[in-house]
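The values are calculated or read from the model by the stated rules, or taken from the named source; none is laboratory data. Being a predicted model, the structure only gives us computed values, none of them experimental. Cβ placement follows ideal geometry from the backbone for every residue including glycine, while neighbour counts extend to all protein chains displayed. Areas reflect the complete protein model, heavy atoms only, side chains present, ligands, DNA and RNA absent. Shrake-Rupley method; radii C 1.70, N 1.55, O 1.52, S 1.80 Å.
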There are 2 protein chains.
Amino acid sequence: MSLKHAILTLLETEEGSGYDLLKRFKDRLGFFWNASHQQIYLQLKKMSEEGLIEFEHETQKGKPNRKVYHVTDQGKQTLMDWIHGSVKVDKVNDAMLVKLYAGHLVNPEVLLAEIQKHTDIHQRMLNTFLALEQDYLSLDDQEKPQYALPYLTLRKGILGEQAWLTWAQEVNAYLKQL
Amino acid sequence: MSLKHAILTLLETEEGSGYDLLKRFKDRLGFFWNASHQQIYLQLKKMSEEGLIEFEHETQKGKPNRKVYHVTDQGKQTLMDWIHGSVKVDKVNDAMLVKLYAGHLVNPEVLLAEIQKHTDIHQRMLNTFLALEQDYLSLDDQEKPQYALPYLTLRKGILGEQAWLTWAQEVNAYLKQL
DNA sequence: TCCTCATATGCAACAAATTGCATAATTCCG
DNA sequence: CGGAATTATGCAATTTGTTGCATATGAGGA
(Lines give C-alpha, C1' and ligand atoms only; values in the text may rest on other atoms or scores of the structure.)
Protein backbone atom coordinates (compact mmCIF):
# COMPACT_ATOMS: atom_id res chain seq x y z
CA MET A 1 0.00 0.00 0.00
CA SER A 2 1.49 3.28 -1.07
CA LEU A 3 -0.93 5.89 0.21
CA LYS A 4 0.92 5.27 3.45
CA HIS A 5 4.25 6.03 1.81
CA ALA A 6 2.92 9.01 -0.08
CA ILE A 7 1.72 10.47 3.22
CA LEU A 8 5.01 9.69 4.98
CA THR A 9 6.87 11.37 2.12
CA LEU A 10 4.79 14.52 2.30
CA LEU A 11 4.88 14.72 6.09
CA GLU A 12 8.61 14.06 6.15
CA THR A 13 9.09 17.13 3.97
CA GLU A 14 6.70 19.24 6.02
CA GLU A 15 4.32 18.48 8.89
CA GLY A 16 0.63 19.09 8.33
CA SER A 17 -3.00 18.15 8.93
CA GLY A 18 -5.19 15.82 6.91
CA TYR A 19 -6.73 18.83 5.27
CA ASP A 20 -3.28 20.16 4.36
CA LEU A 21 -2.41 16.85 2.72
CA LEU A 22 -5.69 16.85 0.83
CA LYS A 23 -4.93 20.29 -0.57
CA ARG A 24 -1.35 19.38 -1.45
CA PHE A 25 -2.63 16.40 -3.43
CA LYS A 26 -5.43 18.36 -5.07
CA ASP A 27 -3.78 21.66 -5.89
CA ARG A 28 -0.19 20.74 -6.53
CA LEU A 29 0.52 17.02 -6.67
CA GLY A 30 -2.29 15.73 -8.83
CA PHE A 31 0.21 14.28 -11.32
CA PHE A 32 1.70 12.39 -8.42
CA TRP A 33 -1.01 11.08 -6.15
CA ASN A 34 -4.74 11.44 -5.63
CA ALA A 35 -6.72 10.55 -2.55
CA SER A 36 -10.09 11.49 -1.10
CA HIS A 37 -10.43 13.09 2.31
CA GLN A 38 -12.01 9.88 3.64
CA GLN A 39 -9.00 7.88 2.59
CA ILE A 40 -6.55 10.38 4.05
CA TYR A 41 -8.19 10.79 7.47
CA LEU A 42 -8.61 7.05 7.90
CA GLN A 43 -5.03 6.39 6.86
CA LEU A 44 -3.70 9.04 9.24
CA LYS A 45 -5.63 7.43 12.08
CA LYS A 46 -4.20 3.99 11.25
CA MET A 47 -0.66 5.27 10.86
CA SER A 48 -0.99 7.10 14.14
CA GLU A 49 -2.07 3.86 15.85
CA GLU A 50 0.87 2.04 14.25
CA GLY A 51 3.22 4.67 15.62
CA LEU A 52 4.43 5.92 12.24
CA ILE A 53 3.19 9.44 12.87
CA GLU A 54 2.12 11.56 15.84
CA PHE A 55 -0.05 14.66 16.11
CA GLU A 56 -0.59 17.74 18.19
CA HIS A 57 -3.95 19.46 18.52
CA GLU A 58 -3.79 22.97 17.20
CA THR A 59 -6.47 25.35 18.43
CA GLN A 60 -7.50 27.93 15.91
CA LYS A 61 -9.71 30.99 16.19
CA GLY A 62 -12.32 31.48 13.52
CA LYS A 63 -11.63 28.03 12.09
CA PRO A 64 -12.12 24.44 13.33
CA ASN A 65 -9.19 22.98 15.23
CA ARG A 66 -6.57 20.91 13.44
CA LYS A 67 -4.50 17.85 14.15
CA VAL A 68 -0.98 18.55 12.97
CA TYR A 69 0.87 15.34 12.14
CA HIS A 70 4.60 14.70 11.96
CA VAL A 71 6.64 11.59 11.18
CA THR A 72 8.16 9.57 14.05
CA ASP A 73 11.51 7.78 13.93
CA GLN A 74 9.65 4.57 13.27
CA GLY A 75 7.78 6.22 10.43
CA LYS A 76 11.03 7.51 8.97
CA GLN A 77 12.43 3.98 9.12
CA THR A 78 9.36 2.59 7.36
CA LEU A 79 9.80 5.18 4.64
CA MET A 80 13.50 4.36 4.26
CA ASP A 81 12.76 0.64 3.99
CA TRP A 82 10.15 1.30 1.33
CA ILE A 83 12.35 3.60 -0.70
CA HIS A 84 15.14 1.02 -0.76
CA GLY A 85 12.76 -1.64 -2.04
CA SER A 86 11.31 -1.62 -5.51
CA VAL A 87 7.95 -0.38 -6.69
CA LYS A 88 5.80 -1.92 -9.37
CA VAL A 89 5.30 -0.30 -12.73
CA ASP A 90 2.04 1.56 -12.71
CA LYS A 91 -1.00 -0.41 -13.69
CA VAL A 92 -2.89 1.22 -16.55
CA ASN A 93 -6.70 1.16 -16.49
CA ASP A 94 -8.03 3.81 -18.80
CA ALA A 95 -11.79 3.89 -19.16
CA MET A 96 -11.59 6.59 -21.87
CA LEU A 97 -9.62 4.18 -24.07
CA VAL A 98 -12.13 1.40 -23.47
CA LYS A 99 -14.82 3.75 -24.66
CA LEU A 100 -12.89 4.72 -27.77
CA TYR A 101 -12.15 1.07 -28.51
CA ALA A 102 -15.89 0.41 -28.49
CA GLY A 103 -16.57 3.67 -30.32
CA HIS A 104 -17.99 2.00 -33.44
CA LEU A 105 -21.16 1.46 -31.41
CA VAL A 106 -21.97 5.18 -31.22
CA ASN A 107 -21.97 8.39 -33.24
CA PRO A 108 -18.62 10.15 -33.49
CA GLU A 109 -20.25 13.14 -31.78
CA VAL A 110 -20.61 11.16 -28.57
CA LEU A 111 -16.89 10.42 -28.58
CA LEU A 112 -15.96 13.96 -29.58
CA ALA A 113 -17.95 15.41 -26.69
CA GLU A 114 -16.28 13.09 -24.20
CA ILE A 115 -12.82 13.80 -25.57
CA GLN A 116 -13.52 17.51 -25.39
CA LYS A 117 -14.56 17.29 -21.77
CA HIS A 118 -11.41 15.42 -20.85
CA THR A 119 -9.28 17.77 -22.94
CA ASP A 120 -10.54 20.73 -20.91
CA ILE A 121 -9.56 19.04 -17.67
CA HIS A 122 -6.14 17.97 -18.92
CA GLN A 123 -5.48 21.43 -20.36
CA ARG A 124 -6.29 22.98 -16.99
CA MET A 125 -3.96 20.56 -15.24
CA LEU A 126 -1.18 21.34 -17.71
CA ASN A 127 -1.65 25.06 -17.10
CA THR A 128 -1.35 24.52 -13.37
CA PHE A 129 1.82 22.48 -13.81
CA LEU A 130 3.37 25.01 -16.21
CA ALA A 131 2.72 27.77 -13.68
CA LEU A 132 4.45 25.70 -11.00
CA GLU A 133 7.34 25.13 -13.39
CA GLN A 134 7.72 28.89 -13.83
CA ASP A 135 7.87 29.25 -10.06
CA TYR A 136 10.74 26.80 -9.96
CA LEU A 137 12.60 28.25 -12.92
CA SER A 138 12.48 31.75 -11.46
CA LEU A 139 14.18 30.63 -8.25
CA ASP A 140 17.75 31.72 -7.53
CA ASP A 141 20.34 29.17 -8.65
CA GLN A 142 21.21 28.60 -4.99
CA GLU A 143 17.65 27.59 -4.16
CA LYS A 144 17.05 25.27 -7.10
CA PRO A 145 18.96 22.19 -5.89
CA GLN A 146 16.69 21.54 -2.92
CA TYR A 147 13.65 21.50 -5.17
CA ALA A 148 15.26 19.57 -8.01
CA LEU A 149 13.63 16.21 -7.27
CA PRO A 150 10.11 17.58 -6.76
CA TYR A 151 10.71 19.53 -9.98
CA LEU A 152 11.49 16.30 -11.82
CA THR A 153 8.21 14.83 -10.61
CA LEU A 154 6.49 17.95 -11.91
CA ARG A 155 8.18 17.40 -15.28
CA LYS A 156 6.49 14.00 -15.38
CA GLY A 157 3.14 15.71 -14.95
CA ILE A 158 3.91 18.19 -17.71
CA LEU A 159 5.20 15.61 -20.21
CA GLY A 160 2.28 13.32 -19.41
CA GLU A 161 -0.34 16.01 -19.95
CA GLN A 162 1.31 17.20 -23.14
CA ALA A 163 1.31 13.65 -24.50
CA TRP A 164 -2.36 13.35 -23.58
CA LEU A 165 -3.24 16.56 -25.43
CA THR A 166 -1.19 15.58 -28.48
CA TRP A 167 -3.06 12.30 -28.56
CA ALA A 168 -6.41 14.07 -28.20
CA GLN A 169 -5.60 16.14 -31.29
CA GLU A 170 -5.01 12.97 -33.29
CA VAL A 171 -8.31 11.55 -32.10
CA ASN A 172 -10.13 14.80 -32.86
CA ALA A 173 -8.68 15.02 -36.34
CA TYR A 174 -9.78 11.48 -37.09
CA LEU A 175 -13.28 11.78 -35.65
CA LYS A 176 -14.03 15.11 -37.37
CA GLN A 177 -12.94 13.77 -40.73
CA LEU A 178 -15.52 10.95 -40.53
CA MET B 1 -16.80 -0.39 -12.09
CA SER B 2 -15.18 -0.54 -15.49
CA LEU B 3 -13.57 -3.97 -15.65
CA LYS B 4 -17.12 -5.02 -16.49
CA HIS B 5 -17.24 -2.59 -19.41
CA ALA B 6 -13.75 -3.45 -20.59
CA ILE B 7 -14.75 -7.12 -20.72
CA LEU B 8 -18.03 -6.34 -22.49
CA THR B 9 -16.11 -4.26 -25.04
CA LEU B 10 -13.61 -7.02 -25.77
CA LEU B 11 -16.26 -9.76 -25.92
CA GLU B 12 -18.50 -7.64 -28.12
CA THR B 13 -15.66 -7.45 -30.65
CA GLU B 14 -14.88 -11.16 -30.39
CA GLU B 15 -16.06 -13.97 -28.11
CA GLY B 16 -13.52 -15.69 -25.91
CA SER B 17 -12.60 -17.40 -22.65
CA GLY B 18 -11.23 -15.86 -19.47
CA TYR B 19 -7.80 -16.98 -20.50
CA ASP B 20 -8.22 -15.32 -23.91
CA LEU B 21 -9.15 -12.05 -22.24
CA LEU B 22 -6.16 -12.31 -19.92
CA LYS B 23 -3.85 -12.73 -22.90
CA ARG B 24 -5.47 -9.89 -24.84
CA PHE B 25 -4.94 -7.59 -21.87
CA LYS B 26 -1.40 -8.79 -21.26
CA ASP B 27 -0.02 -9.07 -24.76
CA ARG B 28 -1.82 -6.41 -26.67
CA LEU B 29 -3.93 -4.07 -24.58
CA GLY B 30 -1.62 -3.25 -21.70
CA PHE B 31 -1.85 0.46 -22.53
CA PHE B 32 -5.57 0.14 -22.20
CA TRP B 33 -6.46 -2.15 -19.31
CA ASN B 34 -4.76 -4.54 -16.92
CA ALA B 35 -6.40 -7.22 -14.83
CA SER B 36 -5.27 -10.37 -13.04
CA HIS B 37 -6.72 -13.77 -13.86
CA GLN B 38 -8.45 -13.84 -10.46
CA GLN B 39 -10.20 -10.59 -11.24
CA ILE B 40 -11.23 -11.70 -14.71
CA TYR B 41 -12.64 -15.13 -13.79
CA LEU B 42 -14.58 -13.71 -10.85
CA GLN B 43 -15.97 -10.90 -12.98
CA LEU B 44 -16.99 -13.30 -15.76
CA LYS B 45 -18.86 -15.40 -13.21
CA LYS B 46 -20.68 -12.36 -11.83
CA MET B 47 -21.56 -11.02 -15.26
CA SER B 48 -22.79 -14.43 -16.26
CA GLU B 49 -25.07 -14.50 -13.20
CA GLU B 50 -26.32 -11.02 -14.07
CA GLY B 51 -27.17 -12.17 -17.58
CA LEU B 52 -24.76 -9.83 -19.35
CA ILE B 53 -22.83 -12.69 -20.91
CA GLU B 54 -23.33 -16.40 -21.60
CA PHE B 55 -20.89 -19.24 -22.20
CA GLU B 56 -20.55 -22.57 -23.93
CA HIS B 57 -18.24 -25.31 -22.72
CA GLU B 58 -15.64 -26.10 -25.33
CA THR B 59 -13.97 -29.47 -25.06
CA GLN B 60 -10.36 -29.51 -26.18
CA LYS B 61 -7.96 -32.33 -26.77
CA GLY B 62 -4.51 -31.93 -25.28
CA LYS B 63 -5.57 -28.82 -23.36
CA PRO B 64 -7.96 -28.16 -20.47
CA ASN B 65 -11.51 -27.33 -21.48
CA ARG B 66 -12.61 -23.73 -21.92
CA LYS B 67 -15.68 -21.63 -21.27
CA VAL B 68 -16.26 -19.47 -24.30
CA TYR B 69 -18.21 -16.34 -23.40
CA HIS B 70 -20.26 -14.05 -25.60
CA VAL B 71 -22.27 -10.90 -24.90
CA THR B 72 -26.06 -11.15 -24.55
CA ASP B 73 -28.58 -8.51 -25.70
CA GLN B 74 -28.77 -7.32 -22.11
CA GLY B 75 -24.98 -7.06 -21.98
CA LYS B 76 -24.94 -5.10 -25.21
CA GLN B 77 -27.52 -2.74 -23.75
CA THR B 78 -25.44 -2.27 -20.59
CA LEU B 79 -22.43 -1.45 -22.75
CA MET B 80 -24.44 1.05 -24.81
CA ASP B 81 -25.72 2.77 -21.68
CA TRP B 82 -22.20 3.02 -20.29
CA ILE B 83 -20.73 4.37 -23.51
CA HIS B 84 -23.36 7.11 -23.68
CA GLY B 85 -22.59 8.19 -20.13
CA SER B 86 -19.40 9.91 -19.13
CA VAL B 87 -16.28 8.44 -17.60
CA LYS B 88 -14.09 10.07 -15.00
CA VAL B 89 -10.64 11.34 -15.78
CA ASP B 90 -8.11 8.76 -14.75
CA LYS B 91 -6.87 8.94 -11.21
CA VAL B 92 -3.10 9.18 -11.04
CA ASN B 93 -1.24 7.28 -8.31
CA ASP B 94 2.38 6.91 -9.27
CA ALA B 95 4.58 5.24 -6.66
CA MET B 96 7.71 5.89 -8.72
CA LEU B 97 7.09 9.63 -8.43
CA VAL B 98 6.56 9.36 -4.69
CA LYS B 99 9.92 7.68 -4.46
CA LEU B 100 11.62 10.33 -6.53
CA TYR B 101 9.97 13.07 -4.49
CA ALA B 102 11.52 11.52 -1.36
CA GLY B 103 14.77 10.83 -3.21
CA HIS B 104 16.86 13.17 -1.06
CA LEU B 105 16.75 10.44 1.62
CA VAL B 106 18.86 8.02 -0.45
CA ASN B 107 21.89 7.83 -2.72
CA PRO B 108 21.25 8.76 -6.36
CA GLU B 109 22.34 5.22 -7.29
CA VAL B 110 19.25 3.79 -5.61
CA LEU B 111 17.04 6.03 -7.72
CA LEU B 112 19.03 5.39 -10.89
CA ALA B 113 18.71 1.63 -10.49
CA GLU B 114 14.95 1.88 -10.00
CA ILE B 115 14.55 4.21 -12.97
CA GLN B 116 16.61 1.87 -15.11
CA LYS B 117 14.45 -1.10 -14.18
CA HIS B 118 11.29 0.78 -15.10
CA THR B 119 12.88 2.12 -18.26
CA ASP B 120 13.54 -1.43 -19.46
CA ILE B 121 9.92 -2.38 -18.93
CA HIS B 122 8.57 0.75 -20.62
CA GLN B 123 10.97 0.33 -23.53
CA ARG B 124 9.76 -3.22 -24.03
CA MET B 125 6.15 -2.08 -23.96
CA LEU B 126 6.90 0.65 -26.48
CA ASN B 127 8.56 -1.88 -28.79
CA THR B 128 5.48 -4.09 -28.59
CA PHE B 129 3.21 -1.17 -29.41
CA LEU B 130 5.38 0.00 -32.31
CA ALA B 131 5.31 -3.50 -33.79
CA LEU B 132 1.50 -3.49 -33.53
CA GLU B 133 1.47 -0.08 -35.20
CA GLN B 134 3.46 -1.48 -38.12
CA ASP B 135 0.89 -4.26 -38.44
CA TYR B 136 -1.84 -1.66 -38.76
CA LEU B 137 0.06 0.63 -41.12
CA SER B 138 0.82 -2.23 -43.49
CA LEU B 139 -2.86 -3.09 -43.89
CA ASP B 140 -4.60 -2.34 -47.19
CA ASP B 141 -6.37 1.01 -47.22
CA GLN B 142 -9.67 -0.85 -47.43
CA GLU B 143 -8.99 -2.69 -44.20
CA LYS B 144 -7.76 0.23 -42.13
CA PRO B 145 -11.12 1.89 -41.33
CA GLN B 146 -12.40 -1.02 -39.26
CA TYR B 147 -9.32 -0.91 -37.04
CA ALA B 148 -9.07 2.87 -36.87
CA LEU B 149 -10.45 3.23 -33.34
CA PRO B 150 -8.36 0.46 -31.80
CA TYR B 151 -5.41 2.02 -33.60
CA LEU B 152 -6.11 5.35 -31.91
CA THR B 153 -6.05 3.62 -28.53
CA LEU B 154 -2.73 2.11 -29.53
CA ARG B 155 -1.45 5.59 -30.36
CA LYS B 156 -2.22 6.54 -26.76
CA GLY B 157 -0.01 3.73 -25.59
CA ILE B 158 2.80 4.80 -27.91
CA LEU B 159 2.65 8.49 -27.02
CA GLY B 160 2.40 7.63 -23.33
CA GLU B 161 5.43 5.36 -23.35
CA GLN B 162 7.45 7.83 -25.39
CA ALA B 163 6.63 10.57 -22.90
CA TRP B 164 7.68 8.26 -20.07
CA LEU B 165 11.02 7.50 -21.70
CA THR B 166 11.67 11.16 -22.50
CA TRP B 167 11.05 11.94 -18.85
CA ALA B 168 13.34 9.13 -17.72
CA GLN B 169 16.15 10.65 -19.78
CA GLU B 170 15.71 13.96 -17.99
CA VAL B 171 15.80 12.19 -14.63
CA ASN B 172 18.86 10.17 -15.63
CA ALA B 173 20.72 13.23 -16.84
CA TYR B 174 20.05 15.00 -13.57
CA LEU B 175 20.93 12.09 -11.28
CA LYS B 176 24.16 11.24 -13.11
CA GLN B 177 25.36 14.82 -12.95
CA LEU B 178 25.08 14.84 -9.14
C1' DT C 1 -31.65 35.78 7.40
C1' DC C 2 -30.46 32.20 4.50
C1' DC C 3 -27.31 30.02 1.47
C1' DT C 4 -23.03 28.72 -0.06
C1' DC C 5 -18.17 28.21 0.40
C1' DA C 6 -13.95 27.08 2.84
C1' DT C 7 -12.04 24.94 6.74
C1' DA C 8 -11.72 20.64 9.37
C1' DT C 9 -12.75 15.94 10.79
C1' DG C 10 -14.86 11.50 10.92
C1' DC C 11 -17.83 6.72 10.47
C1' DA C 12 -20.16 2.94 7.94
C1' DA C 13 -21.43 0.20 4.04
C1' DC C 14 -20.12 -1.42 -0.05
C1' DA C 15 -17.23 -2.35 -4.20
C1' DA C 16 -12.92 -3.57 -6.14
C1' DA C 17 -8.21 -5.25 -6.25
C1' DT C 18 -4.40 -7.92 -4.35
C1' DT C 19 -2.29 -11.93 -2.40
C1' DG C 20 -2.12 -16.58 -1.47
C1' DC C 21 -3.59 -21.01 -2.37
C1' DA C 22 -5.33 -24.88 -5.30
C1' DT C 23 -6.19 -28.04 -9.19
C1' DA C 24 -5.36 -30.44 -13.65
C1' DA C 25 -3.75 -31.78 -18.44
C1' DT C 26 -0.10 -31.61 -21.88
C1' DT C 27 4.23 -30.38 -23.99
C1' DC C 28 9.06 -29.66 -24.09
C1' DC C 29 13.67 -30.07 -22.37
C1' DG C 30 17.40 -32.34 -20.11
C1' DC D 1 11.73 -39.92 -15.60
C1' DG D 2 11.49 -35.41 -13.45
C1' DG D 3 10.82 -30.52 -13.66
C1' DA D 4 9.27 -26.40 -15.79
C1' DA D 5 6.21 -23.94 -18.85
C1' DT D 6 1.70 -23.24 -21.04
C1' DT D 7 -3.11 -23.67 -20.97
C1' DA D 8 -7.23 -23.23 -18.14
C1' DT D 9 -10.06 -22.42 -14.13
C1' DG D 10 -11.36 -21.19 -9.49
C1' DC D 11 -11.94 -19.85 -4.02
C1' DA D 12 -10.86 -17.23 0.29
C1' DA D 13 -8.85 -13.68 3.07
C1' DT D 14 -7.25 -9.31 3.28
C1' DT D 15 -6.37 -4.70 1.81
C1' DT D 16 -7.78 -0.58 -0.65
C1' DG D 17 -10.90 2.59 -2.50
C1' DT D 18 -15.60 4.60 -3.24
C1' DT D 19 -19.99 6.42 -1.92
C1' DG D 20 -22.96 8.23 1.25
C1' DC D 21 -23.73 10.37 5.43
C1' DA D 22 -22.67 13.46 9.41
C1' DT D 23 -21.03 17.44 12.12
C1' DA D 24 -19.23 22.15 13.30
C1' DT D 25 -17.38 27.07 12.78
C1' DG D 26 -17.04 31.35 10.44
C1' DA D 27 -16.97 34.42 6.35
C1' DG D 28 -19.19 36.58 2.49
C1' DG D 29 -22.91 37.48 -0.57
C1' DA D 30 -28.01 37.71 -1.99
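Things to note:
- Dipole-positive endmost among A:52, A:32, A:10 within segment A:1-59 (Cβ charges, Cα centre): A:32
- Nearest-ten-degree value, helix A:144-177 long axis tilted from longest Cα axis of chain A: 20 degrees
- Dividing the summed -39500 (n - 2.57) terms of all DSSP H runs of n ≥ 4 by the residue count of chain A sets its mean residue ellipticity at 222 nm at -21000 deg cm²/dmol.
- Closest approach to the B/A rotation axis among chain B Cβ atoms, residue and whole-Å value: B:163, 2
- Stretching the chain fully between residue A:173 and residue A:61 yields a gain of 34.8 nm (0.36 nm per residue, less the alpha carbon separation).
- Per the Cα gyration tensor, segment A:95-177 maps to an equivalent ellipsoid with semi-axes of 36, 11, 9 Å, ordered largest to smallest.
- Segment B:76-101 and segment B:103-178 have Cα centres lying 19 Å from one another.
- Number of partner chain Cβ atoms within 10 Å, mean per residue of A:27-36: 4
- In this structure, the residue pairs whose Cα-Cα separation is over 30 Å, taken from A:26/A:63; A:99/B:45; A:63/B:88; A:88/B:144; A:46/A:117, are A:63/B:88; A:88/B:144; A:46/A:117.
- Cα long-axis angle, helix A:37-49 against chain A (0 to 90 degrees, to the nearest 10): 30 degrees
- Using distinct alpha-carbon pairs, which all enter the 1/r mean, Kirkwood radius of segment B:46-119 in Å: 17.4 Å
- Annotation: for a label point projected 7 angstrom from Cα along Cα→Cβ of residue A:19, residues of segment A:54-77 with backbone N closer than 19 Å are A:55-70.
- Accessible surface calculations at 1.4 Å, restricted to protein heavy atoms, place segment A:46-138 at 57 Å² per residue.
- Average silhouette area of chain A, convex hull of alpha-carbon atoms, in square nanometres: 14.1 nm²
- Principal axis dimensions, the protein assembly as shown - Cα atoms, whole angstrom, descending: 63, 48, 41
- Helix axis angle, B:3-13 relative to chain B longest principal axis, alpha carbon, degrees: 60 degrees
- Across identical copies of the chain, residue B:85 has label-point separations of 3.5 nm, listed in ascending order, with the point defined 7 angstrom from Cα along Cα→Cβ.
- Test item: B:160-168 mean partner chain Cβ contacts at 10 Å: 5
- For the protein assembly as shown, size of Cβ-based charge dipole, Lys and Arg +1, Asp and Glu -1, in debye: 560 debye
- Position residue B:139, label points 7 Å along Cα→Cβ, spacing to each other copy in nm (shortest first, one decimal): 4.8
- Average other protein chain Cβ within 10 Å of Cβ, residues B:82-88: 6
- Counting every C-alpha pair in segment A:3-84, the share spaced more than 14 angstrom apart comes to 60%.
- A Cβ-based charge dipole, computed about the Cα centre of chain A with Lys and Arg at +1 and Asp and Glu at -1, lands at about 540 debye.
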